[in-house]
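For reference, the structure discussed in these notes is given below.
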Amino acid sequence: MATTIVIANRKGGSGKTTTSVNMAAGLAKRGRRVLVVDVDSQAQATTSCGIIPAQQTISVYELLQGVAAGQSMSTGLRKTIIKNGHPFDLLPSRADLSALEIEVSHHDNAQFLLRDLLLIVDNDYDYILIDSAPSLGLITVNSLVAAQQLIIPVEANFLSMDGLAQMIQILYRINLELNPDLRLLGIVPVKCDLRTNLARSVLDEIKKNFGADKLLPPVRNDIKLAEAPSFGQTISEYAPACRGAKDYDALSAAVLRKGGDNHGGK
């Protein structure tokens, strides 16, 4: 049975995709079978893996349509998953995913479509990482309903703390109404300059409000993290010795430790 982790924040540019893709690489490096699920209509996780979204004839959009229509999507899902040379697999997205919210909003179980789709491959992976959209629409709700654990990446500034507080409120609502099993695994400060008082103050604020156990290893500023997607590579492939690669390696190790990993591997 896979452990499903959603990486979510309502604020755009908070490092969700960078965290999803590079954490997937770190988990796979440790021998875990990993699937990245791109459910953002911007398809940034897809693009970051060197895949051109517009060239995909089938994506998560068609698969979720099929689930809503009551179709068996087992064969379609396995054919859509891309095994493209990275150490993890990818379920791609396309821009037309944005239309799904209108098309299936009348569906009785619209919030559960992604959960039902991913159950098909639940035994094929140790970890499923969901890269969510920067909004609280139906697709993001689906992501939160499909997961057991939530990681919130935040920039190390005080404006981001408001977005963090909003995500915690959303977690409470999802727990109450749709998914009582969803738990906060941790908060990842990203784009950090740990030499500054501001970054250190934000980390202290997270510890104060959420507990030190919810603070995951921070990811420092590193231009190579921004460069790697243009080559369709993870940071461990593009620049394995840089500080961004080291930080995401530390984050992956912490996720295994804090998440109660029971999948074996190295």
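Overview of results
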{"read-out": "Selection status of Val188, of a type outside the set (Asp, Glu) and within 18 Å of the chain's Cα centre (by Cα)", "value": "yes"}
{"read-out": "Scope region 141-154; condition out of contact with any Phe, Trp or Tyr (no Cβ under 7 Å at 6 or more places or on another chain) and either of a type in the set (A, V, I, L, M, F, W, C) or closer than 25 Å to Pro217 by Cα (or both); matching residues", "value": "Val141, Ser143, Leu144, Ala146, Ala147, Gln148, Gln149, Leu150, Ile151, Ile152, Pro153, Val154"}
{"read-out": "In region 129-160, residue nearest to the chain's Cα centre (by Cα) [restricted to those that are more than 20 Å from Asn175 (Cα to Cα) and touching a residue at least 24 places away in the same chain (Cβ under 8 Å)]", "value": "Val154"}
{"read-out": "Complete set of residues in region 172-207 that are surrounded by fewer than 20 Cβ atoms within 10 Å (Cβ to Cβ), part of a loop (DSSP other than H, G, I, E, B) and out of contact with any helix residue (DSSP H, G or I) (no Cβ under 6 Å at 6 or more places or on another chain)", "value": "Pro180, Asp181, Leu194, Arg195, Thr196"}
{"read-out": "Region 68-82 - residue that is over 18 Å from Asn123 (Cβ atoms) and surrounded by 12 or more Cβ atoms within 10 Å (Cβ to Cβ) and, of those, nearest to the chain's Cα centre (by Cα)", "value": "Ile82"}
{"read-out": "Residue under evaluation Phe210, criteria (1) buried (at least 18 other Cβ atoms within 10 Å of the Cβ); (2) more than 24 Å from Asn84 (Cα to Cα), criterion not met", "value": "(1)"}
{"read-out": "Selection from region 216-266 of residues that are of a type in the set (Val, Ile, Thr) and assigned to a loop (DSSP other than H, G, I, E, B)", "value": "Val219, Thr234"}
{"read-out": "Conditions (1) farther than 27 Å from Gly265 by Cβ; (2) under 17 Å from the mean Cα position of the chain (by Cα); (3) modelled with pLDDT under 95: number failed by Gln56", "value": "(2)"}
{"read-out": "Any chance Val121 is in contact (Cβ under 8 Å) with a residue 40 or more places away in the chain and more than 16 Å from the chain's Cα centre (by Cα)", "value": "yes"}
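The values are calculated or read from the model by the stated rules, or taken from the named source; none is laboratory data. Note that the coordinates shown come from a computational prediction; the quantities given were computed from them, not determined experimentally. FYI the Cβ positions are ideal-geometry reconstructions off the backbone, even for glycines, and counts take in every protein chain you see.
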